[in-house]
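The structure appears right after this line, and notes come after that.
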Amino acid sequence: MGSKKMIQDPQQIEAILAKAKFIRLALSDPETGNPYLIPLSFGYEDNAIYLHGSASGKKIDIIRKNNKVCFEADIETEVITSDDPCNYNVRYRSVIGYGRAQILEGYDEKVEGLTVLSEHYGKEGPFEFEEEKVKRLCVIKIEIERMTGKEYGF
Ligand SMILES: Cc1cc2nc3c(=O)[nH]c(=O)nc-3n(C[C@H](O)[C@H](O)[C@H](O)COP(=O)(O)OP(=O)(O)OC[C@H]3O[C@@H](n4cnc5c(N)ncnc54)[C@H](O)[C@@H]3O)c2cc1C
């Protein structure tokens, strides 16, 4: 196995996000003190993460109370077994980011977010989004304040 190392190059960190299929979004409810973590589809552009989903539910309730978030994404993961279970390892490249989530209200900015999301999953725009669906959906933008990258086993 190669060594464990922090990834400093912002372009390499972005490349991990570009390849990742999903993120895990961590939230913290200030009323209960409880953490909440959910897997989500996402898109990334210009130092921002875009998410979409229902306009109601636990994650939206928490974000409205506390918009400080943390997220994680990983790629190229593989468990490396060994005869000695103490020598098992995991190969990975991962990113952890911190930022502020904002629920987008404007129609055009929601379409922009949905476009970034759609492009992340391999389709090329321009896209036609149904107006009613755009209005109904919740689109969240996370302005990233800080990101770290790490890899192991390469
Ligand atoms: C790979 C993947 C990609 C996804 N992509 C999206 C996406 O792009 N947009 C989107 O809105 N949702 C997506 N989901 C579903 C997402 O994880 C949440 O279930 C959903 O967003 C609802 O969250 P909420 O806080 O509003 O849930 P609520 O309905 O308010 O949650 C109620 C309770 O259900 C439980 N719960 C919620 N979600 C999950 C879960 N995923 N697994 C187990 N228990 C759960 C929680 O404990 C919570 O207390 C994805 C799930 C997976 C696994």
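Key figures for this structure:
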item	result
Failed item, numbered, when V79 is tested on (1) within 24 Å of I7 (Cα to Cα); (2) open to solvent by less than 80 Å² (accessible area, probe 1.4 Å)	(2)
Residue that is surrounded by the fewest Cβ atoms within 10 Å (Cβ to Cβ) [pool: residues in the range 95-123 that are within 16 Å of the ligand (Cβ to nearest atom) and of a type in the set (G, A, S)]	G122
Qualifying positions in the range 18-36 - open to solvent by 80 Å² or more (accessible area, probe 1.4 Å), assigned to a strand (DSSP E or B) and either more than 24 Å from Y152 (Cα to Cα) or out of contact with any Leu (no Cβ under 9 Å at 6 or more places or on another chain) (or both)	P35
Cβ-Cβ under 7 Å pairs, at least 6 apart or on other chains, the range 18-41 side closer than 17 Å to G149 by Cβ, far side of a type in the set (D, E, K, R)	A20/D74; I23/E72; R24/E72
Considering residues of the range 45-69 that are in a strand (DSSP E or B) and open to solvent by 40 Å² or more (accessible area, probe 1.4 Å) only, the residue nearest to the ligand (Cβ to nearest atom)	H52
Scan of the range 70-110 for residues that are closer than 23 Å to E14 by Cβ and part of a helix (DSSP H, G or I), ordered by number	E109
So D29, is it over 24 Å from E119 (Cβ atoms) and near the ligand (Cβ under 10 Å from one of its atoms)	no
First in the range 64-85 and aromatic (F, W, Y), second anywhere and open to solvent by 40 Å² or more (accessible area, probe 1.4 Å), Cβ under 7 Å, 6 or more apart	F71/R24
Scope the range 124-154; condition open to solvent by 100 Å² or more (accessible area, probe 1.4 Å) and closer than 22 Å to G99 by Cα; matching residues	E145, R146
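The values are calculated or read from the model by the stated rules, or taken from the named source; none is laboratory data. Treat the numbers as computed from the prediction; the structure is a model and nothing was measured. Positions of Cβ are backbone-derived with ideal geometry, glycine not excepted, and every protein chain shown enters the neighbour counts. Surface areas here come from the heavy atoms of the whole protein model, side chains and all, with no ligands, DNA or RNA. Shrake-Rupley method; radii C 1.70, N 1.55, O 1.52, S 1.80 Å.
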